[in-house]
Every structure is written in C-alpha cells, then in structure tokens.
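**Student:** I'd like to ask some things about the structure below.
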Amino acid sequence: VGCVPYSYWDWVNEVLDNLGYGGDWEGVFAHCNALRKAYMCNWAFELYVANAENEPGHVFYGLGAPGYATPYTRWDYLRCKHYKERPTPMAAVAYSSWWSSLFWKFVAHEVGHVFGGVDEYEADDGQCNSGKCDDRWGYLQVKNGNCESCNQQPVPCMMRANNDQQLCDFTVAHVGWRDTDADGVADPIDPTTAAGCLS
C-alpha cells in the first residue's frame, strides 16, 4: 500500500477497477505489465489526467498541487515505517483551463519522477525530497546537486521551476543518462557498469 492518503487513490482505483485490474499498487503493476506485453516494450508507466476545472484552485483536492507522482513504497516491518523505492510506475496531473499554459510543464515534471528524477525545489521542511545534501537519488544514484537547499546557485530545470525545456546535469543523471563519449549528447547507462564512476 502506498503512503498517500486514500483520497488520492480513490479515482485511480476506480479507473483500474473499470479496466479490470483491481486497485492500489497491485492494479498499477498489473496494468503496466499488461501494457509491456501488449506493446512488446521493456518499460511502461501510467499517466492519469484529471479534470480539475471545477476544483478549488484548479488543483487536486486535498493536495493543493496540480500533479503528483506517488513513489512506490513498501512497509518496513523492522523499522515500522514506509520507505520509498523509486522510480514510480504512475503519475497524475490535473488539467484545467486555468493551468492550460503550464499543463505540459507539469506533465514533464511528474514524468521525471517516473524515471527517477527528484524535486529540486525546497519542500518537506527545507530539504529537497526530505533528504540530506549527500544523499543519492535516481537511477544512477547521484546527489541532488541542484536542490535549492544544497546549492547556492541552482539553475532552472524540469525538476525545479517546471522548466520543461531544460534538464540540469543532476536531473540527467537521476533519469539514467550520462555523456560517456563526450559528444555533448547524454547516453542511457546501465547502472551496474557506471555507478562506480559517478561523483
């Protein structure tokens, strides 16, 4: 079960039930696996778009934000708490005419979470993603070096300020890319062969 208040899951569960997969994480994974098999691909994720035209603030009710990517979580019985496992297989974005000019920026940001990107704006008591500045994140396990709490001069980025036209070096590594051949183009990297080289 995820660490998200059940109200955030209500409508997602209804969609999954209507598709015949059941609710909660079991339904999410079952649907993603069915998509992978049907389209013969390695990965699949779900993007839910909700009509927020008549919601207060035109955002998700009770969340106060136009989007969210729910980290897949498991219950740690030894420590009696949930812990996050990224990446997540699902994200949700609210659409309304109020936010229409920013809609694709919200989509880009939330899909960034799906692939291992972490927030780079200050949140959760001043620490990006409730971590320490030396914590490692994402597919290649690198620091969140563009986090506003850890960097005196953070740059605009998809995961900070919803700049969908720019990826900072840290976000690129979080989603699993690194320019290994120095040609100016980021390359997807297998973490088992590259993790030891990261700073």
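**Student:** Taking H placed 1.01 Å from N in the peptide plane, check which residues at least 5 places from Gly22 or on another chain put their amide H under 5 Å from its amide H.
**Tutor:** Asp17
**Student:** Whole-Hz Karplus ³J(HN,Hα) for the range 132-137, in order, using 6.51 cos²θ - 1.76 cosθ + 1.60 and θ = phi - 60°, x for Gly and Pro?
**Tutor:** These are the phi-based 3J(HN,Hα) values: 8, 5, 8, 5, 10, 9 Hz.
**Student:** Let me ask something additional. For Arg178, Arg160, give the ranking by accessible area with the largest first, probe 1.4 Å.
**Tutor:** Values: Arg178 80, Arg160 45 Å².
Heavy-atom accessible area, descending, gives Arg178, Arg160.
**Student:** Here is a follow-up. Would you please put 39-46, 133-140 in order of how densely packed they are, using the mean number of other Cβ atoms within 10 angstrom per residue and starting with the highest? Could you put the intermediate results ahead of the total?
**Tutor:** Details: 39-46: 11.5, 133-140: 17.6.
Most protected by this proxy first, the peptides run 133-140, 39-46.
The values are calculated or read from the model by the stated rules, or taken from the named source; none is laboratory data. All figures in this text were calculated on a predicted structure; none of them were measured in a lab. Every residue, glycine among them, receives a Cβ derived from its backbone with ideal geometry; neighbour counts consider all protein chains shown. Protein only, heavy atoms only, side chains kept; ligands, DNA and RNA dropped before computing areas. Shrake-Rupley method; radii C 1.70, N 1.55, O 1.52, S 1.80 Å.
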